[in-house]
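> One structure is given below, represented as structure tokens, and several questions about it will come after.
The values are calculated or read from the model by the stated rules, or taken from the named source; none is laboratory data. Since the structure is predicted, the reported quantities are computational estimates derived from the model, not experimental observations. Every residue, glycine among them, receives a Cβ derived from its backbone with ideal geometry; neighbour counts consider all protein chains shown. Side chains included, ligands, DNA and RNA excluded: accessible areas come from the protein's heavy atoms. Shrake-Rupley method; radii C 1.70, N 1.55, O 1.52, S 1.80 Å.
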Amino acid sequence: MTVSLRLAIGRTNLFSLRDNRQCIVIDFGFGEIVMLLDAAMKTPARLASLVCVISLATLTAGAGTCAVGPEQANPKTTAPSTPQRSVDELIKLMPKAGDEYLPLADGSPGPSFACHQLRAKIINGQLSKAQWQRLLTAARIFKFRSRWPLGTPVVVQLHHPAWLGAAVEIRATARLENSPLLRAGRTWSGGGGCSQVWARMAKDEPKVDSPGDIATVGTLGPDATGIIFDVEIRAGLDVVPEPTVESHDRQFMLFGSADSASNTYWDSARTITKFPVTVPVRQVIQGAWEAEFPATEKLDPASFLQTTVTREPTPGGTYRTGLALWWKPAPADASLQLGLTAELLRDGEVIESKTISGSEWVGSTDGAMCLRDTPIFDSLPNALRDNGGLQSQPAELARYELVIRGNQLAALTNWRATSWWSGSIRLPLKSCLSSEGSFQPPGKERPLR
């Protein structure tokens, strides 16, 4: 008999667990979590322990019942209230890139049920060539500026839309000389907190030369009006069930993403479609561009920009020097964006420089903006250790400064900004320490003024 687990609350099946060859599959109705187990783990005693752990963890979240026995079918029927829409109707509802969490045209909240209906039809191969052409528009899968300064290399960001979901990757390469491969998403997902699955699958991922989802893709000719990208959509799923209203609700209650895992390995991930997509870009001469994307120096950086040097630990027990930045735009500055160049100086000479693009800022508490990742100054390795670091050498510390200045091209990648900060601020490195006179550990930065 196959060891299996079925857990229900009332008449609702929450999940079933079954032994599926080289892995354990936990089926939540709307998708599956795959746990890769070796032979030692797949003994009856250890499987029984796994069943008990999952049962107890789930039952603590709410009253329910569980049963161990022969595997039972989990019918995926369509609820009577499920909106029935054709592929063409679903395509019309799909939002622009980045707008998936806004209400859609039919009034439904995002990411909407319609997104997950379309996702199933995409993975199950139900779109025609004409429908792919209508769906894959530049506005839905790219973030870009339709006007760009003449002669300046163009930066474009590839977007992974909600209607692709987990275990689906999108790639794009511009038909320009030496243009890099952009990637967003991945063909596997280790959702549900299965960190060991994530680590194992990530280790097996074939290495691909790609800068990620955003990069400089090339320079346009003087008469060019757009960039053609060869777009490829790949999946690690063979088929997914058509979602129901019930499964959609449970999916967000438990995980927040559809089809939380794929048991398809990298070498068998499949291409769903390949299609050319044109991103419209017109070049603007410098004088006109300065009028379209104006600069401002009116802001007082001491009052709106917070700068702190942080101590970032490494696995080897040493520390790296990080730069934490926040800024809090006023309501009147909603269209303003910070693209920055951060320079570390010693005795007035620049020893290291970091560019911070507009796309790297993310929302924080109280309306503040902070950086998604901490820039690291590699020229100060292990300078922030507890004993013998710069803070214990006042004369040496006094030789260092930070210069933060506006960078127009870096600001451009905040795709909705219409102006940029062109000012600058010069700070002694000592002033970026905490009030106790020591470097800030991660997570202990000063609050905004």
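> Looking only at residues in the range 285-296 that are of a type in the set (A, V, I, L, M) and farther than 22 Å from Leu338 by Cβ, which one is surrounded by the most Cβ atoms within 10 Å (Cβ to Cβ)?
Here the residue is Ala288.
> How many of the residues making up the range 273-289 are part of a strand (DSSP E or B) and over 25 Å from the mean Cα position of the chain (by Cα)?
Residues meeting the conditions: 3.
> Name the residue that is surrounded by the fewest Cβ atoms within 10 Å (Cβ to Cβ), counting only residues in the range 133-155 that are of a type in the set (S, T, N, Q) and out of contact with any strand residue (DSSP E or B) (no Cβ under 6 Å at 6 or more places or on another chain).
Gln133
> Checking the structure you have, find out if any residue of the range 436-444 is modelled with pLDDT of 85 or more and of a type outside the set (D, E, K, R).
Scanning the range 436-444 turns up no residue that is modelled with pLDDT of 85 or more and of a type outside the set (D, E, K, R).
> Now, a different point. Among (1) surrounded by fewer than 23 Cβ atoms within 10 Å (Cβ to Cβ); (2) at pLDDT below 95; (3) closer than 21 Å to Lys96 by Cβ, which single condition is Arg171 missing?
Only one criterion in (1) surrounded by fewer than 23 Cβ atoms within 10 Å (Cβ to Cβ); (2) at pLDDT below 95; (3) closer than 21 Å to Lys96 by Cβ is unmet by Arg171, namely (2).
> Test each condition in (1) part of a strand (DSSP E or B); (2) open to solvent by 20 Å² or more (accessible area, probe 1.4 Å); (3) farther than 20 Å from Gly423 by Cα for Gly316 and report the one that comes out false.
Every condition holds for Gly316 apart from (1).
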